[in-house]
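Enquirer: Okay, here's the structure, questions in a sec.
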Amino acid sequence: MEVTDVNNVKIYNLSCGKTFPDWLPDRKKRQLLKKEPALKRRIELIQDFEMPQVCDTITLTPDGQYIIACGVYKPRMKCYDVNNLSMKFERCFDSEVVKCKTLSEDYTKLVFMFCDRYVEFHAQGGRYYRLRIPKFGRDLDYHKSNCELFFVGDTSDIIRLNLERGQFLNPYQGSSTSYNCCKINPSHQLFVCGSVDGQVEAWDPRVRERVGILDCALSSLTVDPQGLPGVRSMAFKDGVNLAVGTETGIVLLYDIRSNKPYYTKDHMYGLPIKNVVFSPENDLVLSMDSKVVKIWDRETGKPFTSIQSQYELNDLCLIPNSGMFFLACENTKIQSYFIPSMGSAPRWCSFLDSIVEELEEDQDDSIYDDYKFVTTKDLEELGLNHLIGTNLLRAYMHGFFVDHRLYNKAKAASNPFAYELYKKKKIKEALDAQTGDRVKLETKLPKVNAELAKKLYELELSGEGTKKAKSSLALLKDERFKALFENEDFQIEDE
């Protein structure tokens with residue numbers, strides 16, 4: 001577990017820490033567990049909560065009991081039971097999953113949309129049916145009242161599939177060339193879809209007609225004036241509040257009764273907003289691009305906290321009525337985060353609350369044994385100033401904490417003769433220790449022509465030649481030559 005403090009909000013990274021290699025036998029694992037204290041302090045929230053290479057999508061079933069994660073490689077889906085904190089089953093596919101949707105309250109009815117235009121319906125026992133949609137899809141959603149499945153993608157048509165009849169219906173004719181996302185409002189069943197032209201079209205499934213258009217491009221055109229910013233993600237808070245994420249890294253909050261956003265949030269990275277989620281319990285908004293997850297107040301836009309990952313982010317899944325969420329990223333591990341300020345831990349992992357309370361009671365100062373404190377000047381000397389702003393440096397006070405291994409490598413690369421200097425220094429210290437009982441005559445050298453004054457002092461002490469000794473002593477004490485050691489204009493240039 002790793003604890004970070006961003007904007008005075010503590011964030012607990014539950015997926016951080018050392019793990020055992022899969023090929024180790026149980027006996028070796030027990031031995032390592034006794035030796036390594038870092039392995040004892042780790043928290044494995046859900047067993048095998050990872051993918052072979054990359055996790056693309058992650059979602060929670062409506063009953064909140066199962067987590068569905070899809071990734072590669074080989075393309076597969078994993079279902080996790082949160083009550084047992086372990087994987088329930090795993091299924092492999094022929095191609096990568098673009099979107100996953102649960103049709104039932106649990107995992108027994110699932111639909112997967114693949115990158116090769118195929119759509120698969122899965123039941124509890126496995127794959128139930130497979131079909132192919134006319135165009136490549138990017139998003140899908142399910143309308144429970146009409147038992148219709150909507151697909152949007154690389155076409156101006158909004159494809160409709162009736163699951164009760166088992167056939168395609170006449171598609172909705174949109175005004176854009178293609179669409180990136182779609183969403184159904186659970187309150188009044190309004191169907192909205194975001195286009196590549198920066199428009200949000202609203203359709204009423206009861207009359208099968210378009211009832212409104214929101215032009216989001218005009219509100220976010222300041223970032224890229226050469227092209228229209230497309231709509232990448234959407235989310236509903238309730239019946240009227242809609243969040244729209246654009247391709248240019250801007251989140252727009254709308255009241256659907258108005259055609260102008262009541263708040264605009266810029267991520268300042270220019271990256272597409274991949275996911276937007278509302279947290280209605282504390283009136284916060286979670287917006288995610290490939291680099292950062294920003295959590296901010298819905299009404300004022302005041303930053304609450306943010307999470308930066310060293311891996312590219314793909315998807316976000318928030319556990320309702322809690323402060324826990326999962327991040328699918330370009331890594332084998334699925335990232336798990338817990339923020340107590342957002343809410344308590346879910347019921348199936350309530351032990352996290354007691355762990356957090358114990359950590360809060362421990363007021364000891366943090367000592368970083370594996371890190372070295374460096375200033376900005378030290379980073380410039382080591383050639384590591386380009387790492388400022390990355391996860392390799394931990395900002396603290398007027399400097400940074402850097403890993404000891406990285407610091408030693410950079411120091412060895414910047415000064416390859418450091419060992420020779422170190423050896424000479426030790427030899428000099430040993431010689432000084434042997435002659436420490438001798439009487440030392442300390443003389444204060446002037447700032448100007450210090451080398452010349454040092455030679456004259458040494459000549460005077462050595463006593464070589466009476467004339468030279470007397471002349472050197474006269475040169476040092478004679479007032480006529482005083483400016484030679486005080487005025488910088490008389491500085492001797494060795495070169």
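Any read-out appearing in this document is the output of simple, stated calculations on the displayed coordinates, not a laboratory observation. Computed from a prediction, not measured in an experiment: that's the story for all the values here. Because the Cβ atoms are built from the backbone with ideal geometry, glycine has one as well, and the counts that use them run over all protein chains shown.
Enquirer: Using the beta-carbon distance between LYS260 and GLU281 and R0 = 35 Å, what value does 1/(1 + (r/R0)^6) give for FRET efficiency, to the nearest 0.05?
Expert: 0.80
Enquirer: What distance in nm lies between label points placed 7 Å from Cα along the C-beta direction at PHE121 and ILE355?
Expert: 4.1 nm
Enquirer: Based on Cβ point charges of +1 for Lys and Arg and -1 for Asp and Glu, what charge dipole magnitude is obtained for region 140-273 about its Cα centre, in debye rounded to the nearest 20?
Expert: Values: 12 positive and 15 negative charges, 71 e Å.
Charge dipole of region 140-273: 340 debye, to the nearest 20.
Enquirer: To make sure I understand, if each residue's beta carbon is the centre and we count other beta carbons within 10 Å, what order do TRP296, TRP203 fall in, fewest to most? Please report the intermediate quantities before stating the final value.
Expert: On the way: TRP296 18, TRP203 21.
With the sparsest Cβ surroundings first, the list reads TRP296, TRP203.
Enquirer: Oh, and also: With labels modelled as points extended 7 Å from the Cα through the Cβ direction, what inter-label distance (nm, one decimal) is found for SER306 paired with ASP403?
Expert: In this crude label model, SER306 to ASP403 measures out at 2.4 nm.
Enquirer: Follow-up. If each residue of separation counts as 0.36 nm, what is the full-extension length gain between PHE490 and LEU218 once their alpha-carbon separation is subtracted?
Expert: 90.9 nm
Enquirer: State, to one decimal in nm, how far the label point of ARG480 lies from the label point of LYS428, with both points 7 Å from Cα in the Cβ direction.
Expert: Between ARG480 and LYS428, the label points sit 3.8 nm apart.
Enquirer: Sticking with this one: Quick check: net charge around MET77, other residues with Cβ under 9 Å of its Cβ, Lys/Arg +1 and Asp/Glu -1?
Expert: Working: positive: ARG76, LYS78, ARG91; negative: GLU90.
Summing Lys/Arg as +1 and Asp/Glu as -1 gives +2.
Enquirer: Only loop residues by DSSP count here, and only those with at most 15 other Cβ atoms within 10 Å; note down the GluC sites (Glu not before Pro) in region 69-131 that meet that. Could the numbers behind the result be given before it?
Expert: Details: sites: GLU90, GLU96, GLU105, GLU120; in loops: GLU96, GLU105.
Here the sparse-neighbourhood loop sites are GLU105.
Enquirer: With θ set to phi - 60°, apply the Karplus curve 6.51 cos²θ - 1.76 cosθ + 1.60 along region 139-155 and write out the HN-Hα couplings as whole Hz, x wherever there is a Gly or Pro.
Expert: Whole-Hz 3J(HN,Hα) from phi for region 139-155: 7, 8, 7, 10, 9, 6, 5, 9, 6, 10, 10, 9, 10, 10, x, 7, 6.
Enquirer: Turning to a different aspect of this structure: Using 0.36 nm times the number of residues separating TYR129 and VAL211, minus their current alpha carbon distance, what extension gain do you get? It would help to have the intermediate numbers written out before the result.
Expert: On the way: separation 82, 0.36 × 82 = 29.52 nm, distance 3.37 nm.
Answer, rounded to one decimal: 26.1 nm.
Enquirer: Given 0.36 nm per residue, what is the gain on full extension from PHE89 to THR376 after removing their alpha carbon distance, in nm? It would help to have the intermediate numbers written out before the result.
Expert: Details: separation 287, 0.36 × 287 = 103.32 nm, distance 5.03 nm.
Full-extension gain reported as 98.3 nm.
Enquirer: If the limit is 19 Å between Cα atoms, which of LYS101/LYS274; LYS88/LYS183; LYS78/LYS99; LYS74/LYS333; LYS183/LYS237 go over it? Don't skip to the answer; put the middle values down first.
Expert: Numbers: LYS101/LYS274 17 Å; LYS88/LYS183 29 Å; LYS78/LYS99 14 Å; LYS74/LYS333 16 Å; LYS183/LYS237 12 Å.
Too far apart for the 19 Å limit: LYS88/LYS183.
Enquirer: Continuing with the same structure: Determine ³J(HN,Hα), in whole Hz, for all residues of region 66-81 in sequence, where each value follows from phi through the Karplus function 6.51 cos²θ - 1.76 cosθ + 1.60 and θ = phi - 60°; x replaces Gly and Pro.
Expert: 9, 10, 10, 10, 10, x, 9, 10, 5, x, 7, 10, 10, 10, 10, 9
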